[in-house]
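Worksheet: the structure to be examined is printed underneath.
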Amino acid sequence: MKLHAFLLGQTTTATIDAGDIYRNLVEDTQAAEGWGYEGAWFAEHHFSNYVLVPNSLTLIAALSRETTRIRLGTAIVLLPLRNPTFVAEEIAMVDQLSDGRLDVGFGRGYQPYEFNKLGSDFNTAGNRLEDGLDLIAHLFKRPDTPFSSEHANANAFTVTPSCRQTPHPPFWLACGSRASMGVALDRRYNIVINVGHHGPEVANQMIQVFEEECAARGIDRGTVRFGLQMHAGLVENDQDREVALRSAAHLHRMQVRLRERREKIVGGIVDVSGSEKTEPTFDKWSSGCMVGDQRHLERQMNRFRSMGVNDLFLTYRFGEFTTESTRRSMKAIVEFSR
């Protein structure tokens, strides 16, 4: 099972120091490479302190010059917000700059706030995602031939430069339903599921759906990489536990309010005052992810291996976790996995 560091460029402070955030992401990635992580992954979000990375491919282009071995991935490119042809060009360029170390995760997105600010219709995002995926694959696999669909079109041309990896880097799709898993499997994309704060049942259910959808298509599940994304942190005492729980609550409030169009944002800062009815308890949250003491982390690692999970995407650098605690967790968890 491969471990990936999913590094959020997030801040919980009342003001935003983007320079500090980006320096930490560079140093986190270098540390992850030194400790033996398979990959480092970066989200794309817009106009809030939830994540200060409006273009993960741009960030990866910079990180490719600061690292030598670790694979670098987008988690995710919000394809409905972008011109797919331009994204294909970016992918090819960054794959060259990284010497073939790029992985590309795509997704629909879940924050209507971002779509509204960019003048994009959130309600049609799913259809535009599928058409964009098909156009990008077409550009790399069938150059100099035209493409036409409802939401994406291209004349006959060749993307220049070409990718370092042939015909393109590994493609992943962020899936949260049976339908989206079908979209990925029909295109033979790798799959990643966000476990969130829902407890162990989500991983169990989605693995069952994955196996059913593979069987329905006659696909050997062993030929498709299946990954889980989850929060991660080493909890060694009561103070660590409190920080972890506050961080989970902070992240959850932002996600829920942005998803449900209830956000209040001033100066790029999402208001997280008050609470949500669905806020996780520590025990339920911990039971489904990689947050806990060493024994818990080792048990979870063994459980995910036994479930046939190929890749774990471990979310660090969120909430109130400091640089010191983040890197202590990153180092400890990768050591537990060996």
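For the reader, a short list of remarks on this structure follows.
- Region 118-139, residues that are of a type outside the set (D, E, K, R), touching a helix residue (DSSP H, G or I) at 6+ places or on another chain (Cβ under 8 Å) and over 28 Å from L312 (Cα atoms): L118, S120, F122, T124, L135, L139
- Flag for A174 being open to solvent by 20 Å² or more (accessible area, probe 1.4 Å), in a strand (DSSP E or B) and either of a type outside the set (D, E, K, R) or touching a residue at least 12 places away in the same chain (Cβ under 8 Å) (or both): yes
- For region 282-301, a residue qualifies if it is closer than 26 Å to T13 by Cβ and among the polar types (S, T, N, Q), and exactly one does: S286.
- Residue within region 212-223 that is crowded, with 20+ Cβ neighbours inside 10 Å and either touching a residue at least 40 places away in the same chain (Cβ under 8 Å) or closer than 13 Å to V309 by Cα (or both) present: no
- Some residue of region 180-189 being part of a loop (DSSP other than H, G, I, E, B), modelled with pLDDT of 95 or more and open to solvent by 90 Å² or more (accessible area, probe 1.4 Å): yes
- Residue within region 207-216 that is modelled with pLDDT of 95 or more, within 22 Å of the chain's Cα centre (by Cα) and in a loop (DSSP other than H, G, I, E, B) present: no
- Tally, over region 147-159, of residues that are touching a residue at least 60 places away in the same chain (Cβ under 8 Å) and under 27 Å from the mean Cα position of the chain (by Cα): 2
- Among (1) touching a Gly at 6+ places or on another chain (Cβ under 6 Å); (2) part of a helix (DSSP H, G or I) - the single one Y22 does not satisfy: (1)
- For region 190-200, filtering for residues that are open to solvent by 30 Å² or more (accessible area, probe 1.4 Å) and over 15 Å from the mean Cα position of the chain (by Cα) leaves 3.
- Residue within region 228-235 that is of a type in the set (S, T, N, Q) and either modelled with pLDDT of 95 or more or open to solvent by less than 60 Å² (accessible area, probe 1.4 Å) (or both) present: yes
- Taken over region 95-124, the residue count meeting the criterion of being closer than 23 Å to V270 by Cα, surrounded by fewer than 21 Cβ atoms within 10 Å (Cβ to Cβ) and in contact (Cβ under 8 Å) with a residue 60 or more places away in the chain is 4.
- Only one of the listed residues (A88, A92, A62, A40) is in contact with a Cys (Cβ under 6 Å, 6 or more places away or on another chain) and either at pLDDT 95 or above or open to solvent by less than 30 Å² (accessible area, probe 1.4 Å) (or both). That residue is A92.
- Here G73, G132 are screened, and the one residue that is in contact with a Phe, Trp or Tyr (Cβ under 7 Å, 6 or more places away or on another chain), open to solvent by less than 20 Å² (accessible area, probe 1.4 Å) and not in a loop (DSSP other than H, G, I, E, B) is G73.
- Filter pass, T29 being in a helix (DSSP H, G or I) and open to solvent by less than 10 Å² (accessible area, probe 1.4 Å): yes
- Among the residues of region 147-183, the ones that are of a type outside the set (G, A, S) and either within 16 Å of L57 (Cβ to Cβ) or touching a strand residue (DSSP E or B) at 6+ places or on another chain (Cβ under 7 Å) (or both) come to 16 in all.
- Taking the conditions (1) under 21 Å from I219 (Cβ atoms); (2) modelled with pLDDT of 95 or more; (3) surrounded by 15 or more Cβ atoms within 10 Å (Cβ to Cβ) in turn, R164 satisfies each one other than (1).
- Looking only at residues in region 281-337 that are more than 21 Å from the chain's Cα centre (by Cα) and assigned to a loop (DSSP other than H, G, I, E, B), the one that is nearest to G36 (Cα to Cα) is D293.
- Counting only residues that are assigned to a helix (DSSP H, G or I) and of a type in the set (A, V, I, L, M), region 190-206 holds 3 of them.
- The single residue among G100, G119 that is assigned to a loop (DSSP other than H, G, I, E, B), under 21 Å from the mean Cα position of the chain (by Cα) and on the phi > 0 side of the Ramachandran plot turns out to be G100.
The values are calculated or read from the model by the stated rules, or taken from the named source; none is laboratory data. Note that this is a predicted model, so its numbers are computed, not measured. Reconstructed Cβ throughout: ideal geometry from the backbone, glycine too, with neighbour counts over all protein chains shown. Surface accessibility is based on the protein's heavy atoms, side chains included, excluding ligands, DNA and RNA. Shrake-Rupley method; radii C 1.70, N 1.55, O 1.52, S 1.80 Å.
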